[in-house]
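Worksheet for the structure shown next.
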Amino acid sequence: MNSATAQANPNIAFIKYWGNREDHYRLPVNSSLSMNLDGLFTRTTVSFQPSLPFDELIINGHEVVGKGLERVSYILDLVREKAGIKMNAEVMSENNFPSGAGIASSAAAFAALAMAGSKAAGLDLSEPELSILARRGSGSASRSIPAGFVEWKMGEAESDSFAFSIAPPDHWNLADCVAIVSSTHKKTGSTEGHAIAGTSPLQGARVADAPGRIDLCRNAILNKDFEAFANIIEHDSDMMHSVMMTSNPPLMYWQSATVEIFHQVREWRAAGLPVGYTVDAGANVHVICLGEYKAEVEKRLREIPGVKNVLVAGVGGAAKIV
Ligand code: DP6
């Protein structure tokens, strides 16, 4: 059988990946840290078939060609090379979360593709090898391979830039309440953003300070120190967006509702509610809280004008063959 199905969660970065030192291999300028999002997943089936004249990609029932297919074929080429096979493949992928929901689908998508593709080709890759393969498709996908709370070490070379788990999902009961303020497709995607990150004069300072932020965030997670955790994730997110806003061309992802949520979250925390915010390359706000407060946080977010929907996720596990 030349077919396999894998499932992977998206992840939310607490210390962000923004900028590559090498674009082709997706070698980042700094290490990053994230948590997998439970309940949200991409499920992908790869089947290598001798009769196929080219690779085929079907996402949520629709055939995808052009750039999307090229990116998938690039990963399949790496798999074919490793396995010594020449067959083309059919790739069928389904997301159980809405696209444009402020949750990067590329992380879950390339993690599931790396796992299903390598398995279907008869390869038995280790977790670091899978993380590296996923990274080649989308940097953040490297972090959707291991379980729970995950660190992607920037590494020194292509072969040691991979992600590993720093704590399992049940280590700390956190929830991500994603406040959707915009569901329109962002104008500038992450790949283009990484390419211009270095044009901001602030990027050097952000990168130089990253090892310290990684240590603070890792320790906050390991010690379950929510106050320290909230402070560092907000600081890191604000730093990345400062770089984005001062790049050439400048990237402004925030909407007015995005900023309103920042103010509210900080007020709530000052009044004793354990919440903190972080934002990826979009307008939607990931409001992280202790799990027992998720219903309260969701309710409060829904009352803010401009919030169209709220998705709630706990801490997710590793990518897996299903
Ligand atoms: C802001 O992994 O989506 O979400 O490698 O080009 O696919 P590509 O970029 P991607 O970048 C993620 C950027 C971010 C921060 C993060 O997830 O660390």
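Observations on the model:
- Of the residues making up region 115-136, at least one is within 11 Å of the ligand (Cβ to nearest atom), closer than 30 Å to Cys177 by Cβ, crowded, with 24+ Cβ neighbours inside 10 Å and at pLDDT 95 or above.
- Scanning region 21-37 for residues that are of a type in the set (D, E, K, R) and in contact with a Gly (Cβ under 7 Å, 6 or more places away or on another chain) yields a single hit, Arg26.
- Selection status of Lys16, charged (D, E, K, R), within 16 Å of the ligand (Cβ to nearest atom) and loosely packed, with under 15 Cβ neighbours inside 10 Å: no
- Filter pass, Glu22 being out of contact with any helix residue (DSSP H, G or I) (no Cβ under 7 Å at 6 or more places or on another chain), among the acidic types (Asp, Glu), under 29 Å from Phe164 (Cβ atoms) and within 13 Å of the ligand (Cβ to nearest atom): yes
- Listed by position, the strands (runs of 3 or more DSSP E) contained in region 1-81 that have at least 2 residues being more than 17 Å from Leu130 (Cα to Cα) and not small (Gly, Ala, Ser) are 11-15, 20-22, 32-36, 42-49, 56-59, 62-64.
- Complete set of residues in region 291-318 that are part of a loop (DSSP other than H, G, I, E, B) and β-branched (Val, Ile, Thr): Ile304, Val307
- When region 269-282 is limited to residues that are away from the ligand (no atom under 13 Å from the Cβ) and crowded, with 20+ Cβ neighbours inside 10 Å, the one that is nearest to the chain's Cα centre (by Cα) turns out to be Tyr277.
- Of everything in region 192-228 that is touching a Phe, Trp or Tyr at 6+ places or on another chain (Cβ under 8 Å) and farther than 16 Å from Gly19 by Cα, the residue that is nearest to the ligand (Cβ to nearest atom) is Cys217.
- Within region 137-150, the set of residues being of a type in the set (Lys, Arg) and more than 13 Å from the ligand (Cβ to nearest atom) is empty.
The values are calculated or read from the model by the stated rules, or taken from the named source; none is laboratory data. All values derive from a computational prediction rather than experimental measurement. Cβ: placed from backbone, ideal geometry, glycine included. Neighbour counts: every protein chain shown.
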